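Everything below concerns the one structure shown next.
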Amino acid sequence: MAILETMDLEQRAGASVLLSKVSLSVEKGEIFAVIGPTGAGKTTLLRLINLLDRPAAGDIIFDGQKITDPSCDTVKARRRMAMVFQKPAVFNNTVYENVAYPLKVRGTHGKTEKSAVHQLLETIGLGGYARRKAKTLSGGEAQRVALARAVVVKPDLLLLDEPTANLDPVNVKMIEELVMRFNRERGLTVIMSTHDMQQAQRVANRIGVLMNGQLVQVGRPGDIFYSPDNARIAGFVGMRNMFRGYIVRNELGIAVINIGGRDIQTVSDLPVESAVEIYIRPEDVVLAMTAASSSARNNLRCSITSLSSIGPLCTVTVDCGFPLEVLVTDKSVVEMGLSQGQELYASFKASAVRVLPSMPR
Amino acid sequence: MKTLLINPIRSVSISLIITCLLLGVILAGCAPAATQPAPADNTSSQITATPIIPGKARFKIATTTSLYDTGLWNYLEPMFEKKANVEMDIVYAGTGIALEYGRRGDVDAIVVHDPAAEAKFIDEGYGINKRSFAFNHFLIAGPVADPAGIKDLTPEQAFKKIYEAGIADPAKVKFISRGDNSGTHSKEKLIWKAAGLNYEDVQKSGPWYVEAGKGMGPCLLMASEEGAYILCDISTFLAFKGKVDLVPLVEKGDLFLNVYDVIEINPEKITTAKMLPTAKAFTNWLISDEVQDLIGNYGVAEYGRPLFTPLKGGGCTESGCPKLEDYTVPVE
Amino acid sequence: MQEIWQALVQSVNLIVSLDPEVIQISLRSLYISGCSILIAALFCIPVGGLIHFHDFSGKRVVINIIQTFYSLPTVVVGLMVFLFISRSGPLGGLELMFTPTAVVIGQVILIMPVLTGMTISALSGVDRAIRDTALSSGASNAQAMWAILFEARFAVVGALILGFGRAISEVGAALMLGGNIRGYTRILTTAISLETQRGDLVLALALGIILISIAMVVSITMNILLQRY
């Protein structure tokens with residue numbers, strides 16, 4: 001059952017359009033992630049859902065009620081939701097008072113308030129912090145307090161606007177685990193915006209991609225990452241190795257595409273002579289010193305043009321007639337003794353190549 | 001898109017209402033905090049036994065600074081308050097502003113010592129029932145060294161000499177003027193005129209002539225500080241004797257006569273003046289035998305001589321003294 | 001310079017011996033300025049909030065004008081109010097001249113710009129996110145406004161202390177409107193003025209020390225109360 005629906009939501013700021021015909025539907029109990037580059041309109045969307053701003057056009061239906069209707073009680077609707085913002089916002093008061101605030105504005109005081117707050121502080125790992133001044137907390141601690149403050153009233157919907165954007169990896173993990181825990185234990189529906197694709201992949205049940213104010217694709221994480229609807233989405237979700245070409249042969253679903261003078265075998269139903277764009281994920285390419293080492297259909301001889309280390313991984317760029325980015329572990333680099341100019345083989349499965357009809361430019 | 005956070009009209013109206021309510025409370029409730037009896041002297045710890053009755057009528061007078069600085073009012077005020085059962089408010093003001101308060105009806109009576117200004121005030125219809133009740137004399141005081149050499153001259157001669165010496169050497173010879181349209185200031189201008197000098201010329205003639213714009217006491221202190229000459233009434237001078245390094249240099253002269261008058265505010269002209277009966281009682285009280293004796297004795301213990309001379313009993317014999325009916329006939 | 005030491009000694013004497021006139025004057029100062037700050041706060045804090053939260057054309061100009069009036073000379077305020085409440089003025093019928101009420105009116109007008117302007121400054125210093133946080137936590141508009149005001153409480157209390165300080169230390173308006181009448185409208189500042197003119201500098205300084213002590217006590221008290229909350 002959809003707990004939240006937006007219908008053709010529009011938002012403007014002066015002459016510029018921030019959101020255009022955004023229609024999405026979020027199921028009760030799911031974690032829905034909204035991903036997109038900075039400026040895509042994620043914050044705008046969440047603020048509209050939380051009724052902090054009024055849309056230029058369109059409706060929002062929350063649990064069957066049209067909350068964008070002027071006759072609707074804004075405060076009442078908002079009290080069934082809660083939002084955590086990108087920058088940890090805490091009141092200049094104690095941690096206890098921060099978490100207790102939503103209870104206080106709803107008129108809940110005394111023992112009920114006290115036990116709810118303390119219990120939640122334990123859950124988020126800040127059990128002894130009740131009397132600490134909230135302004136003295138670190139970013140991660142403050143964001144946990146903000147999260148606790150959001151869920152203390154047991155809302156029906158939790159909105160998170162890039163909640164971990166300013167945090168270090170340890171705190172990112174903590175927040176993600178708490179969100180998933182609240183979702184699991186309380187059946188709390190979560191709409192979370194993020195620009196971190198990996199995060200969306202870890203946490204969300206479904207993902208919506210927002211670009212330039214438009215909702216361009218909605219689906220399960222796998223769908224988005226492995227079958228992006230178009231080149232723009234593909235580029236955003238981290239697809240590398242994008243090439244254009246033509247299908248020269250198609251035999252029983254194995255399409256051969258000519259890229260940079262080499263024949264690439266892919267899986268596709270598109271007819272011959274179709275103009276296509278192909279994508280190959282760097283981690284799907286395997287490097288080997290000899291040609292016969294793998295069962296993959298594509299084995300290309302190439303030479304290393306550059307190596308670039310990122311943490312425990314290394315991006316190796318090879319020239320196979322076209323530039324190919326390959327992701328290998330640092331360990332492999334050392335074991336194989338990879339170096340610039342070296343000649344070796346790059347291989348990848350036909351199924352690893354994503355083929356999409358070319359977008360008219 | 002900014003949503004209005006508060007309803008402007010409502011919050012402003014509410015705060016205005018509360019503010020007005022509070023103002024009303026203050027207006028009504030100020031009396032209890034204020035009806036304290038006035039102790040006789042602010043450096044002693046005497047407490048008079050006047051009972052506090054909230055809401056007693058308030059009788060306001062504006063008085064010349066010379067009377068105030070001598071402490072005469074501190075002495076007389078509690079007595080009159082008890083007799084007339086009013087709260088007496090004494091406002092310290094030079095004759096100029098005292099007359100202005102009178103014209104505006106902000107006080108019920110004025111006590112001043114400037115015959116010319118008083119005559120005009122009465123002619124304009126603001127004042128009625130003028131009575132004189134005390135007198136003393138002015139004197140010219142100055143530094144012991146007396147750089148202009150005016151000792152024992154007549155007032156007019158002394159002023160002329162100070163004028164000439166001051167222009168010649170302003171660092172050595174200075175004169176402090178009240179410069180505030182007070183009775184003393186008016187007297188000073190009269191003496192300059194008698195000396196044959198145009199007052200405007202005197203004002204512009206050089207830095208030796210200082211217009212202080214302050215009360216009698218403060219001007220004395222200034223003259224002492226600057227080593228300057230000053231025209232002062234004898235009572236204020238005596239009251240400040242220990243605090244200033246000045247000596248009396250010229251004490252005799254017809255022009256030095258200084259008569260204190262009380263004038264009531266005319267309710268026919270100033271319709272807001274409501275305290276006429278009390279003002280009349282005050283005038284009659286000042287010229288009554290009992291109070292005249294008190295005035296005549298004021299200051300004897302402390303200074304060896306009275307600071308003021310009562311008019312009753314014909315004490316004033318010089319030319320320029322007020323006529324008999326001006327100080328003996330009670331007001332109807 | 002020995003006057004200062006003598007003044008210190010005398011001020012302690014006056015307080016310890018509970019000199020009735022000094023106590024009367026001090027309490028009156030406290031009462032009058034207390035009323036002034038209360039009235040001014042009741043009006044200025046909402047109005048300051050109004051100006052801050054509402055965008056309108058000319059807002060910058062209004063704020064500039066308010067800030068210009070921070071430097072309102074006290075004697076000018078006294079004069080203007082005098083012209084109004086004098087018996088022969090438009091409000092003469094209220095018979096306010098030479099009363100403590102007149103002094104309160106003068107002080108209120110004097111401190112209104114400071115209180116309003118500093119409330120606006122205080123609220124401006126609050127992060128915009130606080131409003132969103134309050135609203136998304138379920139606060140109504142009124143509750144959110146209170147949350148923002150509470151967030152700015154240190155600055156607002158600072159403004160109150162400043163306003164009170166300005167009120168209790170001003171001479172010009174109090175002298176003009178109250179008349180420095182002994183036992184009725186004489187407050188610490190006008191008494192200091194009088195004693196200075198009379199040449200009793202030690203007493204004047206002593207009263208000054210008492211005035212500063214009162215201001216200090218008020219400031220400390222307000223800060224302690226603030227820390228509690």
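The values are calculated or read from the model by the stated rules, or taken from the named source; none is laboratory data. Only a predicted model underlies this, so the values are computations on that prediction, with no experimental measurement involved. Reconstructed Cβ throughout: ideal geometry from the backbone, glycine too, with neighbour counts over all protein chains shown. Areas reflect the complete protein model, heavy atoms only, side chains present, ligands, DNA and RNA absent. Shrake-Rupley method; radii C 1.70, N 1.55, O 1.52, S 1.80 Å.
Run A:Gly128 past the list (1) free of Cβ contacts under 8 Å to residues at least 40 places away in the same chain; (2) within 14 Å of chain C (Cβ to nearest Cβ); (3) surrounded by fewer than 21 Cβ atoms within 10 Å (Cβ to Cβ); (4) closer than 27 Å to C:Gln227 by Cβ and report the number of the one that doesn't hold.
(2)
Scan C:Tyr70, C:Tyr31 and give me the residue that is under 21 Å from C:Ile120 (Cβ atoms) and in a helix (DSSP H, G or I).
Working: C:Tyr31 fails: under 21 Å from C:Ile120 (Cβ atoms).
Residue meeting the stated conditions: C:Tyr70.
Could you list, in sequence order, the residues of the range C:76-99 that are within 13 Å of chain B (Cβ to nearest Cβ), open to solvent by 60 Å² or more (accessible area, probe 1.4 Å) and of a type outside the set (D, E, K, R)?
C:Leu79, C:Leu83, C:Phe84, C:Ser88, C:Pro90, C:Leu91, C:Gly93, C:Leu94 - these are the residues of the range C:76-99 that are within 13 Å of chain B (Cβ to nearest Cβ), open to solvent by 60 Å² or more (accessible area, probe 1.4 Å) and of a type outside the set (D, E, K, R).
Output the residues belonging to the range A:113-142 that are closer than 18 Å to A:Pro102 by Cα, in a loop (DSSP other than H, G, I, E, B) and not aliphatic (A, V, I, L, M).
If the condition is that a residue be closer than 18 Å to A:Pro102 by Cα, in a loop (DSSP other than H, G, I, E, B) and not aliphatic (A, V, I, L, M), then A:Arg131 is the only one that fits.
With respect to C:Arg186, is the statement that it is within 14 Å of chain B (Cβ to nearest Cβ), assigned to a loop (DSSP other than H, G, I, E, B), open to solvent by 10 Å² or more (accessible area, probe 1.4 Å) and modelled with pLDDT under 95 true?
Numbers: within 14 Å of chain B (Cβ to nearest Cβ): yes; assigned to a loop (DSSP other than H, G, I, E, B): yes; open to solvent by 10 Å² or more (accessible area, probe 1.4 Å): no; modelled with pLDDT under 95: yes.
Spelling it out, it is not the case that C:Arg186 is within 14 Å of chain B (Cβ to nearest Cβ), assigned to a loop (DSSP other than H, G, I, E, B), open to solvent by 10 Å² or more (accessible area, probe 1.4 Å) and modelled with pLDDT under 95.
Would you please name the residue that is farthest from the chain's Cα centre (by Cα), looking only at residues in the range A:69-112 that are in a loop (DSSP other than H, G, I, E, B) and among the small types (Gly, Ala, Ser)? Give the steps one after another, and end with the answer.
Quick first cut of the range A:69-112, residues in a loop (DSSP other than H, G, I, E, B) only: A:69-73, A:79-80, A:85-93, A:106-109.
Applying the additional criterion that residues be among the small types (Gly, Ala, Ser) yields A:71, A:89, A:107.
Values: A:Ser71: 35, A:Ala89: 23, A:Gly107: 37 Å.
Going through the qualifying residues, I end up with A:Gly107.
Among what's in the range C:132-143 and is within 9 Å of chain A (Cβ to nearest Cβ) and surrounded by fewer than 23 Cβ atoms within 10 Å (Cβ to Cβ), pick the residue that is modelled with the lowest pLDDT.
Looking only at the range C:132-143, we keep the residues that are within 9 Å of chain A (Cβ to nearest Cβ), and these are C:132-141, C:143.
Now narrow it down to the ones that are surrounded by fewer than 23 Cβ atoms within 10 Å (Cβ to Cβ): C:132, C:140-141, C:143.
Details: C:Asp132: 93, C:Ser140: 91, C:Asn141: 87, C:Gln143: 91.
Within the range C:132-143, the match that is modelled with the lowest pLDDT is C:Asn141.
For the range B:270-313: of the residues being open to solvent by 40 Å² or more (accessible area, probe 1.4 Å), small (Gly, Ala, Ser) and part of a loop (DSSP other than H, G, I, E, B), which is farthest from the other protein chains (Cβ to nearest Cβ)?
Checked the range B:270-313; the qualifying residue farthest from the other protein chains (Cβ to nearest Cβ) is B:Gly313.
Determine if the range B:81-92 includes at least one residue that is farther than 21 Å from C:Gly178 by Cβ and among the basic types (Lys, Arg).
Our first condition is that a residue be farther than 21 Å from C:Gly178 by Cβ; within the range B:81-92, this holds for B:82-85.
With the extra rule that they be among the basic types (Lys, Arg), the set shrinks to B:82-83.
Yes, there is a match, as at least one residue in the range B:81-92 is farther than 21 Å from C:Gly178 by Cβ and among the basic types (Lys, Arg).
Any idea which of A:Glu343, A:Glu325 is in contact (Cβ under 8 Å) with a residue 12 or more places away in the chain and within 25 Å of A:Ile224 (Cβ to Cβ)? Walk me through how you get there before you give the answer.
On the way: A:Glu343 fails: within 25 Å of A:Ile224 (Cβ to Cβ).
Result: A:Glu325 is the single residue among A:Glu343, A:Glu325 that is in contact (Cβ under 8 Å) with a residue 12 or more places away in the chain and within 25 Å of A:Ile224 (Cβ to Cβ).
Quickly run through the range A:15-56 and pick out the residues that are out of contact with any strand residue (DSSP E or B) (no Cβ under 7 Å at 6 or more places or on another chain), assigned to a strand (DSSP E or B) and in contact (Cβ under 8 Å) with a residue 40 or more places away in the chain.
The one that is out of contact with any strand residue (DSSP E or B) (no Cβ under 7 Å at 6 or more places or on another chain), assigned to a strand (DSSP E or B) and in contact (Cβ under 8 Å) with a residue 40 or more places away in the chain: A:Val17.
Answer yes if at least one residue in the range A:247-256 is of a type in the set (Asp, Glu), over 30 Å from A:Ala116 (Cβ atoms) and surrounded by fewer than 21 Cβ atoms within 10 Å (Cβ to Cβ), and no otherwise. Step through it out loud before you land on a result.
Taking the range A:247-256 and keeping what is of a type in the set (Asp, Glu), we get A:251.
Now restrict to residues that are over 30 Å from A:Ala116 (Cβ atoms): A:251.
Imposing the further condition that a residue be surrounded by fewer than 21 Cβ atoms within 10 Å (Cβ to Cβ) reduces the set to A:251.
There is at least one residue in the range A:247-256 that is of a type in the set (Asp, Glu), over 30 Å from A:Ala116 (Cβ atoms) and surrounded by fewer than 21 Cβ atoms within 10 Å (Cβ to Cβ).
Within the set of pairs 6 or more residues apart or between chains, which connect a residue that is farther than 16 Å from C:Gly78 by Cβ inside the range C:180-208 to a residue that is among the basic types (Lys, Arg) and surrounded by fewer than 21 Cβ atoms within 10 Å (Cβ to Cβ) with Cβ atoms less than 7 Å apart?
Within 7 Å, the pairs are C:Gln197/B:Lys214; C:Gly199/B:Lys243.
Among the residues of the range A:254-304, write down those that are among the hydroxyl-bearing types (Ser, Thr, Tyr), in a strand (DSSP E or B) and within 20 Å of A:Met242 (Cβ to Cβ).
Of everything in the range A:254-304, those that are among the hydroxyl-bearing types (Ser, Thr, Tyr), in a strand (DSSP E or B) and within 20 Å of A:Met242 (Cβ to Cβ) turn out to be A:Thr266, A:Tyr279.
For residues that are open to solvent by 60 Å² or more (accessible area, probe 1.4 Å) and part of a loop (DSSP other than H, G, I, E, B), scanning just the range A:57-68, find the one that is farthest from A:Leu4 (Cα to Cα).
Step one: list which residues in the range A:57-68 are open to solvent by 60 Å² or more (accessible area, probe 1.4 Å), which gives A:63-66.
Within this subset, residues satisfying the condition of being part of a loop (DSSP other than H, G, I, E, B) are A:63-64.
On the way: A:Asp63: 6, A:Gly64: 8 Å.
Within the range A:57-68, the match that is farthest from A:Leu4 (Cα to Cα) is A:Gly64.
Residue check: is B:Val250 within 12 Å of chain C (Cβ to nearest Cβ), over 26 Å from C:Leu91 (Cβ atoms) and touching a residue at least 24 places away in the same chain (Cβ under 8 Å)?
In short, no.
Out of the residues in the range C:144-171 that are closer than 21 Å to A:Val99 by Cβ and open to solvent by 50 Å² or more (accessible area, probe 1.4 Å), which is farthest from the other protein chains (Cβ to nearest Cβ)?
C:Trp146
Only residues that are at pLDDT below 85, surrounded by fewer than 19 Cβ atoms within 10 Å (Cβ to Cβ) and among the charged types (D, E, K, R): list them for the range A:216-246, please.
A:Asp223, A:Asp229, A:Arg232, A:Arg244
Give A:Val190, A:Val209, A:Val172, A:Val179 a once-over and let me know the one that is closer than 24 Å to A:Ser20 by Cβ and either touching a His at 6+ places or on another chain (Cβ under 6 Å) or outside any loop (DSSP other than H, G, I, E, B) (or both). Working first, answer last.
Numbers: A:Val190 fails: closer than 24 Å to A:Ser20 by Cβ; A:Val172 fails: closer than 24 Å to A:Ser20 by Cβ; A:Val179 fails: closer than 24 Å to A:Ser20 by Cβ.
Going through A:Val190, A:Val209, A:Val172, A:Val179 in turn, just one is closer than 24 Å to A:Ser20 by Cβ and either touching a His at 6+ places or on another chain (Cβ under 6 Å) or outside any loop (DSSP other than H, G, I, E, B) (or both): A:Val209.
Give the residue that is farthest from the other protein chains (Cβ to nearest Cβ), with candidates limited to residues of the range B:61-80 that are in contact (Cβ under 8 Å) with a residue 60 or more places away in the chain and polar (S, T, N, Q).
Going through the qualifying residues, I end up with B:Thr64.
Filter the range A:69-111 for residues that are open to solvent by 60 Å² or more (accessible area, probe 1.4 Å) and touching a residue at least 40 places away in the same chain (Cβ under 8 Å) and give the result.
Within the range A:69-111, A:Arg79, A:Arg80, A:Gln86, A:Lys87, A:Arg106 qualify.
What's the total number of residues in the range B:81-107 that are surrounded by 24 or more Cβ atoms within 10 Å (Cβ to Cβ), in contact (Cβ under 8 Å) with a residue 40 or more places away in the chain and either among the basic types (Lys, Arg) or more than 10 Å from chain C (Cβ to nearest Cβ) (or both)?
Matching residues across the range B:81-107 total 3.
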